[in-house]
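The values are calculated or read from the model by the stated rules, or taken from the named source; none is laboratory data. In this text the structure is predicted, and so the values were computed from the model without any measurement. Note: ideal-geometry Cβ built from the backbone for every residue, glycine included; neighbour counts use all protein chains shown. Please note that ligands, DNA and RNA were not included when accessible areas were found on the heavy atoms of the full protein model with its side chains. Shrake-Rupley method; radii C 1.70, N 1.55, O 1.52, S 1.80 Å.
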Amino acid sequence: MAWSNWYKCIFYGMDSKVNTTPLDQLSLRCAGVYAIAGKDEYGYRVEYVGMSKSNIQARLKAHLTGSGSKVLKKKLEERRNGNEVMPLGDALYFAYVKTAPQEAQWMEALYVRGTVTLSNIQQQLSLPEPLKKLVESTKVELEP
């Protein structure tokens, strides 16, 4: 199982709606884990990790339109009101990994509880430059 590439869903209109066309063009009516991120000069910044036992597409659509996670709904409202603490950028991004229905929940738990962070440090993905330099200078070796 491998993560997909990141898919970009741009904001549009005065109320910062999210264009879900990239999601609509995929066939994700299956179980899996997904991540939703913003992006800045340092790379992707994961805002939310979730899972579905039957339909990743429906869950992602709910989140991207503000009717899913309360956390994402609040971030979208902050963007509309112009008072973002950590700006999302010009779009939201999503990536996913398909799983068997019985694996979705424990896979999500792995990513939520730190595997993503360890993986990011190990691969130096989505880390701000100062942290990348710190990791490089300390030569921390992590097992895969």
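Points to keep in mind about this one:
- For the stretch 16-69, filtering for residues that are charged (D, E, K, R) and closer than 17 Å to A109 by Cα leaves 3.
- In the stretch 32-56, the residues that are under 11 Å from A100 (Cα atoms) and open to solvent by less than 40 Å² (accessible area, probe 1.4 Å) form Cβ pairs under 8 Å with partners that are aromatic (F, W, Y) and not in a strand (DSSP E or B), at six or more places apart or across chains, as follows: V33/Y111.
- Residue, least open to solvent (accessible area, probe 1.4 Å), within the stretch 88-111, restricted to residues that are more than 13 Å from the chain's Cα centre (by Cα) and among the aliphatic types (A, V, I, L, M): A104
- Of all positions in the stretch 65-83, none carries a residue that is of a type in the set (D, E) and touching a helix residue (DSSP H, G or I) at 6+ places or on another chain (Cβ under 9 Å).
- Hits in the stretch 72-87 (condition: surrounded by 12 or more Cβ atoms within 10 Å (Cβ to Cβ), hydrophobic (A, V, I, L, M, F, W, C) and without any contact (Cβ under 8 Å) to a residue 60 or more places away in the chain): L72
- Single match in R45, R29 (criterion: within 13 Å of the chain's Cα centre (by Cα) and closer than 26 Å to A2 by Cα): R45
- If the condition is being open to solvent by less than 20 Å² (accessible area, probe 1.4 Å), at pLDDT 90 or above and not aliphatic (A, V, I, L, M), then the stretch 57-71 contributes Q57, H63.
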